[in-house]
Each structure stands twice: as C-alpha cells, then as structure tokens.
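The values are calculated or read from the model by the stated rules, or taken from the named source; none is laboratory data. All values derive from a computational prediction rather than experimental measurement. Using ideal geometry, Cβ is built from the backbone for each residue, glycine included, and neighbour counts are taken over all protein chains shown.
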Amino acid sequence: METEEAITVLASLAQPTRMQAFRLLIQHEPEGLTAGEIARRLVVPPNTLSAHLNVLSQAGLTTATRKSRSVIYRASVSRLTALTTFLTQDCCGGRGCEAQAAIICSETLT
C-alpha cells in the first residue's frame, strides 16, 4: 500500500457512520450483512447508508455480493491488514512488537 492509498482508506473511515458500519461488518465476518440489516442496526436511513457503503467500497474496505434478491456486504479484512501493515511497517525500529500481534489477529479473520 502506498501513502495516497492509505490516506484514502483512512479518510473513508473518518466519519462516524462509516466507522460504525465497517466495525459492524468486521464483527459479522465472514457471513456479512445486508444493507437493510446494517441500516436497522445503526438506525440510519437506507439511502444515507447506501452513500456511506459506497465510500467504503470505493476505498476497498467493503465488498458486495448478490445473493438471490439481496446484496450481502462484507468487510475486506485483507484491505484492513494491508493498512495495518503499512502503518506499522517501521514500528519499534524495525524490530517488531505488538503491531505484529494486531496483524496476526486480523489474518485469522480471513
């Protein structure tokens, strides 16, 4: 991941509803949730949520899969791992530390 890409990902999370939606999707990996279910749980109007999910999708943080008549949204754990790796790649003077534990934890979700 390059700096500009990381900034885009971080900017997409820099809004309360988008952060809540992403965290909710992380909690529901690997099954994912429909947009309606996300809207219901976050108490957000569906059209507002749709705009937020679009921002997260453009940043690569969510994926959408059609299942019958529903669209299932999932968090992109690999994208989160890439961001975490980018942010911590030089931590502890290159010796590694707790950041490695965070990366390993996120890898178990994939």
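Report whether or not residue 62 is modelled with pLDDT of 65 or more, touching a Ser or Thr at 6+ places or on another chain (Cβ under 8 Å) and farther than 16 Å from residue 37 by Cβ.
The answer is no for residue 62.
Give segment 59-78 a look and list any residue that's of a type outside the set (D, E, K, R) and over 11 Å from the mean Cα position of the chain (by Cα), or say none.
Answer for segment 59-78, where residues must be of a type outside the set (D, E, K, R) and over 11 Å from the mean Cα position of the chain (by Cα): 64, 65, 68, 70, 71, 72.
So, in segment 14-27, how many residues would count as being more than 11 Å from the chain's Cα centre (by Cα) and in contact (Cβ under 8 Å) with a residue 12 or more places away in the chain?
The number of residues fulfilling the criteria is 2.
Here's a check for you: in segment 72-95, which residue that is assigned to a loop (DSSP other than H, G, I, E, B) and at pLDDT below 85 is surrounded by the most Cβ atoms within 10 Å (Cβ to Cβ)?
Once the filter is applied, the top-ranked residue is 89.
Looking at segment 1-13, which of the residues that are surrounded by 12 or more Cβ atoms within 10 Å (Cβ to Cβ) and not aliphatic (A, V, I, L, M) is farthest from the chain's Cα centre (by Cα)?
The qualifying residue farthest from the chain's Cα centre (by Cα) is 5.
Only one of these conditions is not met by residue 47: (1) surrounded by 15 or more Cβ atoms within 10 Å (Cβ to Cβ); (2) over 13 Å from the mean Cα position of the chain (by Cα); (3) within 24 Å of residue 8 (Cα to Cα). Which number is it?
Failed condition: (1).
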